[in-house]
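Below is one structure, written out as structure tokens; the observations come after it.
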Ligand code: ATP
Ligand code: MG
């Protein structure tokens, strides 16, 4: 459907494809800020992080407390990290690929379910960059998503085809980063 053939209501309720990319800090936190807002409006939200789920992060810890506070019924936030329950001891790339594929299958299920207002696919670009997931499948899944579903994709090196398809693209540009002065990543700021 082209924009011109949509009714005013459909345009208003149209879900957006949002991409946060670039070298500067702020991509994941921008996506999580939107998650926080959507939850404030009692919208149903899913976050899937396409990073190795072996480090503890504040993101995950807080999501776990939210889940615990909603023991009755469905938690409003469905948060998962790639490869939870995997053993990541080896540097075997085929393990990364299988974990990425499993996380992507889960994402596709959430997208197709029609239940969500917002789905954040954090670091999805990483899986494309490393050839763990086929870009055409990602593009067609995002293109054919429910029309009121907003999807946020984060990660460096967003492929041009994804940027082309998106409604909103912000490129974070590094002006300064404390890492360059040797300041290590901080809990509560960086993870
Ligand atoms: P954040 O999660 O803080 O929003 P991000 O998603 O933009 O950051 P990633 O590319 O996912 O950044 O990098 C993950 C980690 O690397 C984070 O801990 C982040 O603080 C740190 N980081 C981000 N940008 C830079 C940079 N330009 N130099 C060094 N470290 C960075
Ligand atoms: Mg990130």
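Send over the Kirkwood Rh of region 12-174, from the inverse of the averaged 1/r over different Cα pairs, rounded to one decimal Å.
Details: mean 1/r = 0.0622 Å⁻¹.
For region 12-174, the Kirkwood estimate is 16.1 Å.
Would you mind listing how long region 102-167 runs along its three principal axes, going by Cα atoms, in whole Å with the largest first?
If we take the Cα atoms of region 102-167, the spans are 30, 27, 18 Å.
Calculate the spin-label point distance for residue 12 paired with residue 177, positioning each point 7 Å from the Cα along the beta-carbon direction, and give it in nanometres.
4.1
Relative contact order for the chain using alpha-carbon pairs under 8 Å, separation at least 6, rounded to a whole percent?
38 percent.
Give me the base-10 log of I(q)/I(0) for region 1-71 at each q in 0.19, 0.22 Å⁻¹, Debye formula, one uniform scatterer per Cα, rounded to two decimals.
-0.97, -1.14
Give me 14, 9 ranked fewest to most by other Cβ atoms within 10 Å of their Cβ, as a rough exposure proxy.
Arranged by neighbour count, lowest to highest, 14, 9 become 9, 14.
Using Cα springs under 10 Å in a Gaussian network model of the chain, which residue among 127, 150, 170 shows the largest mean-square fluctuation?
Fluctuation is largest for 170.
Taking 0.36 nm per residue of separation and subtracting the Cα-Cα distance, what length does fully extending residue 36 through residue 69 add? Before the final figure, lay out each step's value.
Values: separation 33, 0.36 × 33 = 11.88 nm, distance 1.54 nm.
Once the chain is fully extended between residue 36 and residue 69, it gains 10.3 nm.
May I ask you to compute the full-extension gain from residue 135 to residue 186, defined as 0.36 nm times their residue separation minus their alpha-carbon distance, rounded to one decimal in nm?
Full extension of this stretch gives 15.1 nm more.
No value in this document is a laboratory result; all are computed from the given coordinates. None of the values given here were measured: they were computed from a predicted structure. When we count neighbours, we look across all protein chains shown, and the Cβ atoms used for this are built from the backbone with ideal geometry, even at glycine.
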